[in-house]
Amino acid sequence: MKLLAFPLLVSLSLLTAAAQAEEVRVYSGRHYNTDRQSYKAFSDQTGIKVRLIEASGISLVERLKREGSNTKADVIILVDAARINNAAKAGLFQSINSPKLNSEVPARYRDPGNRWFGIARRVRAIIINPNQVNPSQVQTYAQLASPDLKGKVCLRNRKNVYNQSLVADQLAIRGEVKTKAWLKGLISNVSQPYFPGDIALIRAVAQGKCGVGVVNHYYLARMRAGINGTKDQKLGNQVKIVMPNPAHVNISAAAVSKYAKNKSAAVKLIEFLASPNGSRGIAGPTFEFPLTGVGGSTYLKGMTKFTPDNVSISQLSALNPKAIQLMAQAGWQ
Ligand SMILES: [Fe+2]
């Protein structure tokens with residue numbers, strides 16, 4: 001009896017260990033239910049279970065800092081260049097060596113130190129009320145500063161990372177002197193209070209409270225798809241969208257937690273999400289763009305023809321403090 005019990009106990013504990021090893025815990029700053037479909041596809045393919053903990057970007061980083069080595073996070077997913085790189089600089093990630101990621105994620109969409117990798121892309125686009133502004137007048141970010149748009153430009157507030165990254169992008173392309181002049185012109189065109197979110201801004205443009213606004217493209221696609229209800233769908237169809245050429249592209253990115261308990265599964269999940277199929281899977285339902293190509297949703301009509309500018313995600317994050325400083329100086333509230 002004893003002879004039998006021993007191997008049984010050993011194999012039971014091995015089984016338990018194996019079961020524990022087959023789970024990867026994800027802390028995500030993305031608030032999209034549809035991401036769960038991608039995690040399920042990963043689980044179906046690999047047998048590794050994904051346990052998801054969602055929180056908004058900043059609180060998630062604060063939480064990781066607080067938890068330190070006690071964290072349960074294996075994979076961390078965040079949106080925006082500055083946010084992901086600030087977390088990297090805070091020592092929350094570990095660098096990973098994955099030939100698959102290095103070949104499948106374009107260099108500009110990953111950390112030169114291999115601490116984070118892009119999984120989906122978004123464009124900061126211009127939306128226009130055609131009754132107030134002729135879309136041919138505003139084809140670039142630079143034209144948002146044109147005196148013709150006096151009183152017609154609406155912006156999200158300065159705290160928002162998306163606009164900080166847009167200003168960082170302009171700093172990288174045009175340098176400080178031109179960016180300062182651009183910000184001065186842009187802010188002098190603003191007459192409405194600064195908006196708390198991209199959707200509120202799209203509504204205001206559609207309702208004619210503003211002539212022009214700047215938003216991430218997928219918010220408009222979501223409205224047009226009816227995800228926020230028929231009222232927003234109608235408003236979404238009343239505005240025009242311009243994908244500036246060249247376009248400022250930002251990312252959602254994934255990283256392995258410094259204290260990951262299951263590093264190999266974490267790397268596998270990131271490889272899955274950043275692969276051509278995985279990236280299409282994560283980007284499709286949220287109307288983001290995959291790392292390469294644009295996806296095929298009809299609600300992306302008018303948004304799929306864009307040429308990304310040459311600014312890398314790590315450049316955007318390096319210029320973030322300067323961008324915030326110049327925005328404050330220009331009176332961006
Ligand atoms: Fe967003």
Quiz item: On the given criteria, is SER43 at pLDDT 95 or above, surrounded by 14 or more Cβ atoms within 10 Å (Cβ to Cβ), of a type in the set (Gly, Ala, Ser) and over 21 Å from the mean Cα position of the chain (by Cα)?
Solution: yes
Practice problem: Please find, within the stretch 200-243, the residue that is nearest to the ligand (Cβ to nearest atom) out of those that are among the β-branched types (Val, Ile, Thr) and assigned to a helix (DSSP H, G or I). | Solution: ILE202
Exercise. Evaluate the following for ALA120: is it within 14 Å of the ligand (Cβ to nearest atom), touching a Pro at 6+ places or on another chain (Cβ under 8 Å) and either touching a residue at least 60 places away in the same chain (Cβ under 8 Å) or closer than 16 Å to SER312 by Cα (or both)?
Key: yes
Quiz item: Scanning for something assigned to a loop (DSSP other than H, G, I, E, B), more than 26 Å from ASN245 (Cβ to Cβ) and away from the ligand (no atom under 16 Å from the Cβ), does the stretch 130-150 turn up at least one residue?
Solution: no
Self-check item: Residue, nearest to ARG25 (Cα to Cα), within the stretch 250-279, restricted to residues that are β-branched (Val, Ile, Thr) and surrounded by 24 or more Cβ atoms within 10 Å (Cβ to Cβ)
Solution: VAL256
Practice problem: Give the number of residues within the stretch 27-52 that are β-branched (Val, Ile, Thr) and in contact with a Lys or Arg (Cβ under 7 Å, 6 or more places away or on another chain). | Solution: 2
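Would you check if SER257 is within 19 Å of the chain's Cα centre (by Cα), hydroxyl-bearing (Ser, Thr, Tyr), at pLDDT below 95 and more than 18 Å from GLU104 (Cβ to Cβ)? Break it down stepwise before answering.
On the way: within 19 Å of the chain's Cα centre (by Cα): yes; hydroxyl-bearing (Ser, Thr, Tyr): yes; at pLDDT below 95: no; more than 18 Å from GLU104 (Cβ to Cβ): yes.
Taking the combined requirement at face value, the residue does not satisfy it.
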Quiz item: Condition test on LEU235, is it at pLDDT 95 or above and in the same structural domain as THR71 (by TED's automatic domain parsing)?
Solution: no
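The values are calculated or read from the model by the stated rules, or taken from the named source; none is laboratory data. Everything quoted here is computed from the prediction, not taken from an experiment. Neighbour counts are summed over all protein chains in view; Cβ atoms, including those assigned to glycine, are modelled from backbone coordinates with ideal geometry.
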